[in-house]
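None of the figures in this text is laboratory data; all of them are computed from the coordinates on show. Nothing here was measured: the structure is a model prediction, and the numbers come from that model. Positions of Cβ are backbone-derived with ideal geometry, glycine not excepted, and every protein chain shown enters the neighbour counts.
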Amino acid sequence: MTQTVRATSRAILTEITARGKHSVRQVAAWIQGSKSSVHRHQQATVRRNQHPESRLWETPEGEAWLMRLVFATLFTFGLQRQVGADTLSTFFKLIQLETHVGVSPTALRSLLAQMEALLPQFQQACEASIPPKTRPAVLAADETFPGDGLLLVLMELCSGYILVEESSPDRDYNAWLAQSAPRLQALGLEVKQAISDRAKALIKLAQDGFHCVSGADLFHEQYNLSRWLAPALGRLKGHAEKACQSVQSALAKAKPAQVAVLEAGLEKAFEVFEQAEEAQQAYHDQLLGISEALHPFALADNACQTSDSVVSQLEQRVHALETLAQQQGIPDKDGAVQTFRNQIEALASHVRIWWEWVEDILREFAVDEPTRHWLTDRLLPLMYWHHQQEKTQHPAHRQRYREAWQQAVEAWEADPFWSELSQSERERWQAWAHWMVRQFHRSSSALEGRNGCLSQMYHTGRGLTPARLKALTVIHNYGIRRSDGTTAAQRLFEVPFPDLFEELIGQMGALPLPRKSRQRLRPNPLLRPLVPA
């Protein structure tokens, strides 16, 4: 209906413009319509064209751009940023669109609800078009609590594809399995490893539900150590700094007889402050070392690491932290050290599982020993450290990874094996190595970031309805792109999909027509008209 009305108005306007000023009767004869219809559309055109740019929206190109503007604003700010319909209505009125489009809060809420209904249908259609295939996956599972509810979130870490993001009354093993098992079966995912915190339900889900190893989350384990040591060391440094300032202040006001004593006290205070600084720096070094130890290749010489070597390095790091705490008189009331020691094997399993995965693939490819040696000792470390230095945002990590990558480049260039391969074999092994290094994961920080994003959306957007949550999940999987231009769905399924926003515009239909709102007069009961007696 709206499309027909706009097309008729546009045809009448075009006819009048082409033929000049003519009577309503003549225009009606030209377009083979009634006089009343022509007059009505002429009046509507006059009411709409109140601004210098109004005639642009009467053209087919202008109308198409106007639809894109309105839908893009609702999609970006209304759905993704949780901006309210009242604020969006004010924005559209400020750019003078209220005479061409229905931009009342009610009309905009209807458009947002239509988008929320169409987005899950888009994901269902895309998943139904995926070729049947078994796909290996590394998953991360966690629950989040936006407001008073409970959400179960399951993500494929390599691609960032959200498999499950549903509300649930419980978070036990049965609730997790009921949500995740149908999704894995429908998408053909074979779980190689599941990373999570040490919740018993999630460990059981990995072992009994996914039939894989449950790996500990490095993010949570480092956080537990930081929560124990970082505040205590910060307080010690703060107290030492205040003591130095106090002695300096007293020294500035001291009498000559007290100067020698205060200077000795100031020297002692500075010594204590330096010890506190050194202790804090040692803590940061050991915490950084825990992260640097958990890689399939050693940072020092790019040697292939085993789970036993990782266990040894982690034990040394946590022992150093324990010794540091004892020297500073910091008690471990909650048993943070023992908790970390209990998870060392689960942390080292990331390296073991990844190397077993590599060996299984090379065995399946039936590669000879020279090729295997070149792949594991030359190509994989080269690709791995390049991927890590591009991925990390920590300056110290980036520098260390760059140094390891440069060593790998030198070793790779010194090996003549690469020059002996054909171009097709080079491209094949390079693509495989790039895919393989992206499968190594030791943390569920991507999932934690998603949970934080949902929490922020809940609080700033006055809640998350089930329909809005489903829409946000689809936008995350098919709408958000990384720097390489790929979406999470493209990275997981390795097939192209239609552009989400373009498909959405094609199904939304025409924009609502503007209506003249009724101004409701609310009489003031205190202002009563005078009535003659």
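If a spin label sat at a point 7 angstrom from the Cα of A181 along the line to its beta carbon, the backbone N atoms of segment 202-232 nearer than 15 Å would be those of 204-212. Between Q316, W405, L266, the Cα set farthest toward the positive side of the dipole of segment 218-437 (charges on each charged residue's Cβ, about the Cα centre) is that of L266. Using every pair of distinct Cα positions in segment 129-202, the Kirkwood expression returns a hydrodynamic radius of 12.9 angstrom. Just need log10 I(q)/I(0) for the chain at q = 0.05, 0.11, 0.12 Å⁻¹, Debye formula, equal scatterers on the alpha-carbon atoms, no solvent, rounded to two decimals. The calculated log intensity ratios at q = 0.05, 0.11, 0.12 Å⁻¹ are -0.36, -1.07, -1.17.
Counting only Cβ charges, +1 for Lys and Arg and -1 for Asp and Glu, the dipole size of segment 218-437 around its Cα centre is about 1220 debye.
Measuring against 26 Å, Cα to Cα, the residue pairs K192/K391; K204/K391; K200/K333; K204/K333 contain K204/K391; K204/K333 as the ones spanning a longer distance. I need the calculated FRET efficiency for the pair N174 and A252, taking r as the beta carbon distance and R₀ as 56 Å, to the nearest 0.05. Computed FRET efficiency for N174 and A252: 0.20. Counting 0.36 nm for each residue step from S34 to E190 and taking away their Cα separation leaves a gain of 49.5 nm. Computed per residue of the chain from DSSP H runs no shorter than four, each worth -39500 (n - 2.57), the mean residue ellipticity at 222 nm is -20500 deg cm²/dmol. Computed extension length for R428-Q124: 106.2 nm, one decimal, from 0.36 nm per residue of separation with the Cα-Cα distance subtracted.
As a proxy for reagent exposure, E278, E356 were ordered by neighbouring Cβ count within 10 angstrom, fewest first; the result is E278, E356. Sketch the reach of a paramagnetic label on E410 as a point 7 Å from Cα along Cα-to-Cβ, and name the residues of segment 295-315 whose backbone nitrogen lies under 14 Å away. Correct set: 300-303. Sorted ascending by nearby beta carbons within 10 Å, beginning with the fewest, S246, S214, S54 become S246, S54, S214. About the centre of its Cα atoms, the chain shows a dipole size close to 4480 debye [charges on the beta carbon of Lys, Arg (+1) and Asp, Glu (-1) only; nearest 20 debye]. Model label points for E356 and D285, set 7 angstrom from Cα along the Cα-to-Cβ axis, are 3.6 nm apart. Ranked for footprinting exposure by Cβ neighbours inside 10 Å, fewest first, E221, E127, E267 give E267, E127, E221. Think of the chain as a dipole: +1 on every Lys or Arg Cβ, -1 on every Asp or Glu Cβ, centred on the Cα centre; then among P466, L150, S110, S110 lies furthest on the positive end. The simple spin-label model puts a point 7 Å past each Cα toward its Cβ; for D368 and D86 those points are separated by 7.6 nm. Here the label points at Q338 and A72, each 7 Å from Cα along the C-beta direction, are separated by 6.0 nm in the simple model.
The charge dipole of segment 136-188, taken about the Cα centre with unit charges on the Cβ atoms of Lys, Arg (+1) and Asp, Glu (-1), comes to about 200 debye, rounded to the nearest 20.
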